[in-house]
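Peer 1: What follows is a structure written as structure tokens; I'll ask about it next.
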Amino acid sequence: MVEYSLDADKSTLVVRPKSALEAADFARLALAMDPHIEKTGSLAGLVIEAPAFPGWEGLGALAAHIRFVRDHHRRIRKVAVVTDSALGRVLERLAAPFVAARIRRFKAGGLEAARQWVLERD
């Protein structure tokens, strides 16, 4: 399960995983952000706040996650991952060449710094 909040004025979505990721989580996130993306053309930033990575509920959830990234990465300018999980470092380095969004990791507790970074103009 994930909690999320969309700030339409700042064009940012903050996502907080609370348990193992489910396929339905990605459908809910798409329903929350797709109307904004259709209206404005993009999302300035996606901030994922997960002190520890919760994993996926199963292979269906992993597949839904991959489809979500495939369908959205070109329309999100920046992704900030706020975590102390080792997976955050891997994501920052390995995923960057495969997605259009810029990715940066922030240590747990760095939510405000992450929010500021996604709003900075490059």
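Peer 1: With the condition kept exactly as written, say whether any residue in segment 30-43 is touching a helix residue (DSSP H, G or I) at 6+ places or on another chain (Cβ under 7 Å), surrounded by fewer than 19 Cβ atoms within 10 Å (Cβ to Cβ) and part of a helix (DSSP H, G or I).
Peer 2: Checked against the condition, which is being touching a helix residue (DSSP H, G or I) at 6+ places or on another chain (Cβ under 7 Å), surrounded by fewer than 19 Cβ atoms within 10 Å (Cβ to Cβ) and part of a helix (DSSP H, G or I), segment 30-43 yields at least one hit.
Peer 1: Here is a follow-up. Please work out if V69 is in contact with a helix residue (DSSP H, G or I) (Cβ under 6 Å, 6 or more places away or on another chain), within 23 Å of R105 (Cα to Cα) and either among the hydrophobic types (A, V, I, L, M, F, W, C) or at pLDDT 95 or above (or both).
Peer 2: No; evaluated as a whole, the condition is false for this residue.
Peer 1: Quick test of your reading of the structure: G88 fulfils all but one of (1) buried (at least 18 other Cβ atoms within 10 Å of the Cβ); (2) of a type in the set (G, A, S); (3) modelled with pLDDT of 95 or more; (4) more than 18 Å from R121 (Cα to Cα). Name the failing condition by number.
Peer 2: Unmet for G88, out of (1) buried (at least 18 other Cβ atoms within 10 Å of the Cβ); (2) of a type in the set (G, A, S); (3) modelled with pLDDT of 95 or more; (4) more than 18 Å from R121 (Cα to Cα): (3).
Peer 1: Take the conditions closer than 17 Å to E3 by Cβ, in a helix (DSSP H, G or I) and over 13 Å from the mean Cα position of the chain (by Cα) and apply them to A113. Does it pass?
Peer 2: No: the conditions fail for A113.
Peer 1: While we're looking at this one, here's another question. So which residues in segment 16-29 are in a strand (DSSP E or B) and crowded, with 20+ Cβ neighbours inside 10 Å?
Peer 2: P17, L21
Peer 1: Let me ask something else about it. Name the residue, out of V81, V118, that is outside any helix (DSSP H, G or I) and within 15 Å of the chain's Cα centre (by Cα).
Peer 2: V81
Peer 1: Within segment 44-76, track down each residue that is among the charged types (D, E, K, R) and either more than 19 Å from L119 (Cα to Cα) or surrounded by 20 or more Cβ atoms within 10 Å (Cβ to Cβ) (or both).
Peer 2: Within segment 44-76, E49, E57, R67, R70, D71 qualify.
The values are calculated or read from the model by the stated rules, or taken from the named source; none is laboratory data. Fair warning: this is a prediction, and the values are worked out from it, not measured in the lab. Please note: Cβ atoms are built from the backbone with ideal geometry, for glycine as well, and neighbour counts cover all protein chains shown.
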